[in-house]
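Right, one structure below, let's go through it.
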Number of protein chains: 2
Amino acid sequence: MHITANDPKRKTWLEVPENSDFPIQNIPFGVFLTRDDIITIGTRIGNYAIDLGALHQLGYFKGIPLTDDIFLQDTLNDFIADGRKTWRTVRNRIADIFDINNTTLKNNEEHQRVILFTMDEVEMQLPVQIGDYTDFYSSEEHARNVGEMFRGKENAMVPNWYHMPIAYHGRSSSIIPSGIAINRPLGQKMPKGAKTPIFGPTRALDFELEMAFITTDANNIGESIPAHEAEDHIFGMVLFNDWSARDIQRWEYVPLGPFLGKNFASTISPWIVTLDALEPFRTEGPKKNSEYKLLDYLKTEGKKTFDIKLEVSIQPENDEPTLVSKSNFKYLYWNMSEQLAHHTINGCPLNSGDMLASGTISGSREGTFGSMLELSKNGENPIKLSNGSDRKFIQDNDTVILKGFCENKDVRIGFGECSTKILPHL
Amino acid sequence: MHITANDPKRKTWLEVPENSDFPIQNIPFGVFLTRDDIITIGTRIGNYAIDLGALHQLGYFKGIPLTDDIFLQDTLNDFIADGRKTWRTVRNRIADIFDINNTTLKNNEEHQRVILFTMDEVEMQLPVQIGDYTDFYSSEEHARNVGEMFRGKENAMVPNWYHMPIAYHGRSSSIIPSGIAINRPLGQKMPKGAKTPIFGPTRALDFELEMAFITTDANNIGESIPAHEAEDHIFGMVLFNDWSARDIQRWEYVPLGPFLGKNFASTISPWIVTLDALEPFRTEGPKKNSEYKLLDYLKTEGKKTFDIKLEVSIQPENDEPTLVSKSNFKYLYWNMSEQLAHHTINGCPLNSGDMLASGTISGSREGTFGSMLELSKNGENPIKLSNGSDRKFIQDNDTVILKGFCENKDVRIGFGECSTKILPHL
């Protein structure tokens, strides 16, 4: 089926600010609380939040096989489980409803009153109930940078790294949507040279610039998904900030991996941008290192990643944000198809709403690193903010803002913001 | 409130076989599919499955503040979220309903027909929707045994081990109830001396003898639970077999911990035995190693663990099971209160239905180890089965059966079986 929603010439009768992340070609999916305290599934065009539950009740999805309550839910899980054909049909229909040449809703102010909200009238929620969350480690530059700091230059790249997309399981319960402040976490740390650990707030609070994809019900236990089928099971993507407390992480992570150094919070952007919307921005990833023979189940061909520009800013309280990093999703060594094929090769089941994050996305040049650990060289080279202060790691009352967008001469498809303020420890 | 359900003198009008794990003093909670294809929440006495949804509809819980549909659900999550007072009141009431001196249901055959099933008429389901699953590493003996094999004698005990209950996040989606067969998983392995990894079925399939506890909604993000309050947030316990593919695990686990070597399956016993039922079997755990100064948030006092006898048997196809290990839950160095306090010290939220497993429970003597890796010394000393065959690891068509029970002169409280058959790889 053709993705007519992507037509770059299409215009909408809704007002869309110049340079908006959400033109009519985007049509992401999210969940929000309306001014009437109702939670509903919706989409966004420009600065309008659109209630899909209301659209459905008023008959705008006529002819599409959807259950009556599919959009009157707290999460997108059931809609995602309906599969790619349904997502695409609904997205195409939404594009038609808001097309500048379609007067049905455009001329029905009564309907508009229950369907349209301005973004400042709604409160974004988590878009899915996340059953399981996996975090990959798929940026070669990040793995090398962090490996050097944690294990020394000799042992920076672990022997398995080029043979598989390394990953670990993270914590679903502490994933929060953009806009919710968190407290600086407490924990155990072993200061350099100390004989016994100390307890207190982390002194090395860090962001990790990541993206995550959300799956549909992909497989039953025992079954594998071949890499060439993987994208059929991916609904869409969000920005992902995998908050990390480096001092806690460093002391705890051998031998079983990160735990309390990570599981106090991760932040996502609330609108899931579909793979369909990203289609015009397909690109090839880095060439695989030819020194390492790749096993067949991990081989992919063609344009299996996306050119998504990424930015991180730090905003001190009552001050302007400073852009501290620019990276790109396409830098990742392992793509989503390879990640998904690897994750299921042993029969591990993926369900609707599962979230698979990329790992920190660093580029190779200065200013393209995806964490303070790398940007400040573990605190040795603090970075300057525009207000004159400097940062080794994130301070109390700082807000960290991730942004992501794709752009060509015709259209810009963006993810909005993934923003979190750090409050002092409790 | 007194736990009257624990009265060791109480007898029931239902028939209970001698040595049953499920006397009227147990009253565990589970979820089952009935002969009428209805999923309901229930309990078990002897070999009877008791439909709590039907009991509730027929008015047997009158006077207890419960929502109408609390037992007419696919999972226990909402009931668990109701909190300890509710669990205890319901459990006491169930004891009264089936008390030998209570004739109300005993003399009502019509009610019995919709309330009582024999165990062979029902199909046990997962008792909870598991939001997050965490696996600890709390047996000193297991950590030492495995550490020696994976990292050598010098590095067996990692420096942080005595300072905190080490843990990692596991996979919720592949947790299955007892009785479901699984296929041998495929994956990458790096044979000794090889230069490049090979692909194929695991040749080192292992069980891990564990127990897990299930929490209620314990805390909001950012909040910690003090160790002395931890048990208020624990609903009950199950047997837990954390299936492991040692060859896959060994090749992948540095630096971020176990992933595909573990996440293909874990099996639980389907009846959750409440902490209340285990109360008579409280005991003290091992003394903490005085060489290591414990941080305050991890200190607990008194009897914070339970004397639960554990057994593992391997049953080849069409043959008798052979008992291969006897261990005890009380051997664990870190208790559940310490685990829960540690897990939340950084503000990580625990929700109703979350599962926290102990890690492999090994004793100090031969024949008390909780995995084949330890029992067979990584395959060097195969163990003999009663049919004359031997095992380095688990073979196709073997069934691994975990059992657990508490016993004193008055009563036996058991967990039933946690059993899984291994099928050949797909």
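The values are calculated or read from the model by the stated rules, or taken from the named source; none is laboratory data. From a predicted model like this one, the values you see are computed outputs, not experimental measurements. Methodologically, a virtual Cβ is constructed for each residue, glycine included, from the backbone with ideal geometry; neighbour enumeration extends over all protein chains shown. We work out accessible area using only protein heavy atoms, side chains counted, and drop any ligands, DNA or RNA first. Shrake-Rupley method; radii C 1.70, N 1.55, O 1.52, S 1.80 Å.
Key figures
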quantity	calculated
Delta accessible area of at least 50 Å² on complex formation, residues of the range B:148-175, 1.4 Å probe, chain isolated as reference	B:N160, B:H163, B:M164, B:H169, B:R171, B:S173
Radius 11 Å from Cβ of B:F136, net charge of other residues (Lys, Arg +1; Asp, Glu -1)	-4
Extension reserve of the B:R113-B:N387 stretch, reckoned as 0.36 nm per residue once the Cα distance is removed	94.3 nm
Choice from A:N397, A:N26, A:N346 with maximal GNM fluctuation in chain A (Cα, 10 Å cutoff)	A:N346
Lys, Arg +1 and Asp, Glu -1 on Cβ, resulting dipole of the range A:353-426 about Cα centre, debye, nearest 20	160 debye
With every protein chain in place, the range B:133-423: carbon and sulfur % of accessible area (1.4 Å)	46 percent
Overall form of chain B per C-alpha gyration tensor (a/c, 1.5; a/b vs b/c)	prolate
Partner chain coverage, peptide B:217-229 - average Cβ within 10 angstrom	2
Hits among lysines - C-alpha to C-alpha of B:K262 under 17 Å, sequence gap 8 or more where chains match	B:K189, B:K421
Computed E for A:D36/A:Q395 - FRET, C-beta separation, R0 22 angstrom, nearest 0.05	0.05
Vicinal HN-Hα couplings computed from phi for the range A:109-121 (Karplus, 6.51 cos²θ - 1.76 cosθ + 1.60; Hz; Gly/Pro x)	5, 4, 4, 4, 4, 9, 9, 9, 10, 7, 4, 6, 8
Whole-percent carbon and sulfur share, accessible surface of the range A:4-124, 1.4 Å	44 percent
Over chain B, relative contact order from alpha-carbon pairs under 8 Å, at least 6 apart, %	21 percent
Minimum 20 Å² accessible area buried by the other protein chains, the range A:331-378 residues, probe 1.4 Å, relative to alone	A:H342, A:H343, A:I345, A:N346, A:C348, A:P349
Selected from B:S358, B:S376, B:S269 as most flexible by GNM, with chain B as the system and alpha-carbon contacts under 10 Å	B:S376
Sites B:E279 and B:D68, calculated FRET efficiency, Cβ-Cβ separation with R0 25 Å, nearest 0.05	0.25
Exposure rank, largest accessible area first [A:H343, B:H233; 1.4 Å]	B:H233, A:H343
Average accessible surface area per residue within the protein assembly as shown, 1.4 Å rolling probe, Å²	38 Å²
Phi to ³J(HN,Hα) by Karplus 6.51 cos²θ - 1.76 cosθ + 1.60 over the range B:357-373, Hz, x for Gly, Pro	9, 7, x, 4, 9, 10, x, 8, 9, 3, x, 10, 7, x, 8, 5, 3
Residues of the range A:49-63 with amide N under 15 Å of a point placed 7 Å along Cα→Cβ from A:D78	A:52-54, A:56-57
Hypothetical label at A:K192: residues of the range A:241-266 whose amide nitrogen lies under 14 Å (7 Å Cα-Cβ projection)	A:247
Net length gained if the chain between B:D120 and B:D296 were fully extended (0.36 nm per residue, minus Cα distance)	58.4 nm
Buried accessible area, chains A and B (both chains, 1.4 Å probe, Å² to nearest 100)	5200 Å²
Area of A:K330 that stays accessible when all protein chains are in place (1.4 Å probe, Å², to 10)	70 Å²
Karplus 3J(HN,Hα) series, Hz, for the range A:18-24 with 6.51 cos²θ - 1.76 cosθ + 1.60 (x for Gly, Pro)	4, 6, 5, 6, 10, x, 5
A:K287/A:K153 FRET efficiency (R0 22 Å; Cβ-Cβ; nearest 0.05)	0.40
Helical contribution to [θ] at 222 nm, DSSP H n ≥ 4, -39,500 (n - 2.57), averaged over chain B, rounded to 500	-4000 deg cm²/dmol
Members of the range B:292-309 that become less accessible by 50 Å² or more once partner protein chains are added (1.4 angstrom probe, chain alone as reference)	B:L295
Percent RCO, i.e. relative contact order, over the range B:4-124, from Cα pairs under 8 Å lying at least 6 residues apart	33 percent
Spatial separation of Cα centroids for the range B:94-133 and the range B:375-393, in angstrom	41 Å
Local electrostatic count at B:G63 - Lys and Arg +1, Asp and Glu -1, tallied over other residues with Cβ under 13 Å	+1
